[in-house]
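To keep things clear, I will list the structure first and then write my remarks on it.
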Amino acid sequence: MPKGIPCLTEIQKQEIIKRVTDKGERAVDLAKEFKVDPKIIYNLLKTKANQHQAILELAKLKRENEALISIIGSLVEESRIGKKRNKREVIVDYFSSSKKAQVSKSVACAKVAVSRNSLYYKPKLPAKDLILKQQIEVVLIEHKSYGHRRIAIALGINKKRVSRVMKLFNIQCKKSRKKLRFSSIKVMIWLIF
C-alpha cells in the first residue's frame, strides 16, 4: 500500500458504495482493488450511511410534526367553538380514527403534556350511569312528577348523582300545575271591583 492518503474520485466513491451495498462485496477486497487502506472505505461507508440515516430521520420528524400539528389544531379549533374536551380525549380520538398513526403515542403525549398511561384508562362510571338511568326511569313511571330530590330519596342515593345522570341523559320529570281554587268570597270581591 502506498504511503500517504490517496484520494478517491467521486466516481470511485460511488462505485465502492454501490458495490458494497448492492453486491455485498467486502471492504477489504475493494481496498486492495483501489489500492487504499480499508479504514478509508469504512469511513466512506460510515459517512454515507449517516447521511442516509439523517435523511430518514428528517422524514420521520416531518411526519411526526404534521401529526402533532393536526392534534394541536383540533384542540385549538374545539376551544374556539367552545367544546370542552380534554387533551386525552383528542389524542385517543386521533389514534382510534387514523388507520396508521404518523406519530407514536409517547411522542404525542409528551408534546401535549399528557400521561401516556391515561390513554389506556377506561372509566367505569358510564356503566353505572346506565344502570342508574334505568332505575330513575322505573321510579318516574310510577311517580311522574318526582324531581331529582324525591327520586334520590326513593332510590336511597345522593341527590347530586341523580341530578347529574338526569342532566346527562336529558331525563325530565312531568311538572304538575297547581289548580287555582277560589273561594266564592274572593270571586265575588273580584267581580265587584
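Just so it is clear, none of the values below were taken in a lab; they were calculated from the coordinates. On a predicted model such as this, the values are computed, not experimentally measured, just so you know. Counting neighbours? That spans all protein chains shown, and the Cβs are built from the backbone with ideal geometry, glycine included.
Of the residues making up segment 114-135, those that are of a type in the set (Gly, Ala, Ser) and part of a helix (DSSP H, G or I) are Ser118, Ala127. Filtered by the rule that a residue be in a helix (DSSP H, G or I) and closer than 30 Å to Arg88 by Cβ, segment 136-173 gives Ile136, His148, Lys159, Lys160, Arg161, Val162, Ser163, Arg164, Val165, Met166, Lys167, Leu168.
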